[in-house]
Amino acid sequence: YHKRAREYLIMATTNSEKKQAEKAAVANVSDVTEAMGTPTSFRIEMLSAILRRDVRELPMLHPMILRATKSNKGLDLSLPGVTKTIVHTAGGKVYSVCWMSTSKVCCVSQDGKCAVTDLETKAKEIYLADTSWLMTCAASPDGKAVAWGGLDNVVTVTTKIEGRGKDVHAHEGHEGYVSDIKFLSNRKLLSSSGDNTIMEFDLVDKKRVRTFKGHVGDVQSIAIDLERKRFITGACDTRVKVWDLDSGSCTMTLPKISVSDVNSVAVSENGCIAAGNDSGEVIVWDANCEDSTVLKSTTPAGICTCVAISQDGSHVYGGFEENVLIAWEVESGKQTMEMKFTRRVSSIAASPDGEKLAIGSWSGEVIVLSTGLS
């Protein structure tokens, strides 16, 4: 199929001829790859890649596709060396993913379940929530506790206790939906809410410790920066705020880039902050929040729903409502990857070792992507 597709495209000399050649190439590739038993989702990616690529680059596809056929793995053909694996399929839209460890991925979906998948053993743990309207999940650093929240306005924490099974506790206090949860330690966590606040809960004493106020719109996302004893929030008031963990005060409100809701924030190990908003922008600030870079997709992608950033802050990833995941090199502003999905990309989380991304989608799939970045 590689030779035939290449011949079709090389013979094309005008735009109209090229379009006709692309259709012929796609038809040929579709027939052959189906006969080879290649997974449907991967065939779609191959066809999309052929349509995106310049004729001169097409030969690069051949060895990459051979390595991925007849397996459950697919490659994003717009970035050689990147692999992806579907690790979980939920019974509803996946709204949030997080890492329990470098080998365990946690997700919540709107079938009322929190699922933990072990990437090495393929074993799964399923937790049933009291509501199907789940929006976020988090895991403690030691991997013994998982937390979730959503439209029930409650932060539910399930903790494994040796010799006693599981302890489940619902932490109340929010007057709006719970949008995000992040663990500060094995004992404490933060939650953000549609009531414009962030709350800190003590899981041992089972009580609310502090309430952080300052946003004037739904707080959508939290990112923890323990190295600098701070956390970052993004909200529907168009603002990204930096908070001091010791004093509990807001130490900085970052300059407004555009008048649109901030849906997601992330922070790198070296302190760079990333945020995604309703304008489809991904903004990255340096650790001191002095300089910023605004990144946008080269093609219409809609609202940026979620962001993640590499450990060294050199690369940033954005998930978008138009079913696409995009990566950029921050310093140059160059778009380095574009991966298509069948439904909205709802959540992205970088693994603790910085080598993988977990991606949740409204298709119900959780995908692990090896970024090739350290």
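The values are calculated or read from the model by the stated rules, or taken from the named source; none is laboratory data. Everything quoted here is computed from the prediction, not taken from an experiment. Positions of Cβ are backbone-derived with ideal geometry, glycine not excepted, and every protein chain shown enters the neighbour counts. Protein only, heavy atoms only, side chains kept; ligands, DNA and RNA dropped before computing areas. Shrake-Rupley method; radii C 1.70, N 1.55, O 1.52, S 1.80 Å.
Please state, rounded to one decimal and in Å, the Kirkwood hydrodynamic radius that segment 251-340 gives when every pair of distinct Cα atoms enters the mean of 1/r. It would help to have the intermediate numbers written out before the result.
On the way: mean 1/r = 0.0785 Å⁻¹.
With all distinct Cα pairs of segment 251-340 included, I get 12.7 Å.
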(message) Taking 2.2 N^0.38 Å as the expected size of a compact globular protein, what ratio does the Cα radius of gyration of segment 114-171 give against it, to two decimals?
(response) 1.15
(message) Keeping all protein chains in the complex and leaving out DNA, RNA and ligands, what accessible area do you get for Trp243 with a 1.4 Å probe, in Å² to the nearest 10?
(response) 0 Å²
(request) Roll a 1.4 Å probe over the protein heavy atoms and report the accessible area of Cys306 in Å², nearest 10. (result) 10 Å²
(request) Rounded to the nearest Å, what's the spacing between the alpha carbon centres of segment 118-177 and segment 280-322? Just the number, please. (result) 28 Å
(request) In whole Å, largest first, what are the principal axis extents of the Cα atoms in segment 197-326? (result) 49, 27, 27
(request) Compare the peptides 323-332, 253-262 by average per-residue count of other Cβ atoms within 10 angstrom and give them in order, highest first. (result) 323-332, 253-262
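On alpha-carbon atoms, Rg over Rh for segment 82-371 using Kirkwood Rh?
Details: Rg = 17.4 Å, Rh = 18.6 Å.
Rg divided by Rh gives 0.94.
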(message) Rounded to the nearest 10 Å², what accessible area does Lys334 have for a 1.4 Å probe in the complete protein model?
(response) 130 Å²
(message) For the pairs Lys104/Lys188; Lys182/Lys206; Lys213/Lys241; Lys166/Lys206; Lys144/Lys213, flag any whose C-alpha to C-alpha distance is greater than 18 Å.
(response) Lys104/Lys188; Lys144/Lys213
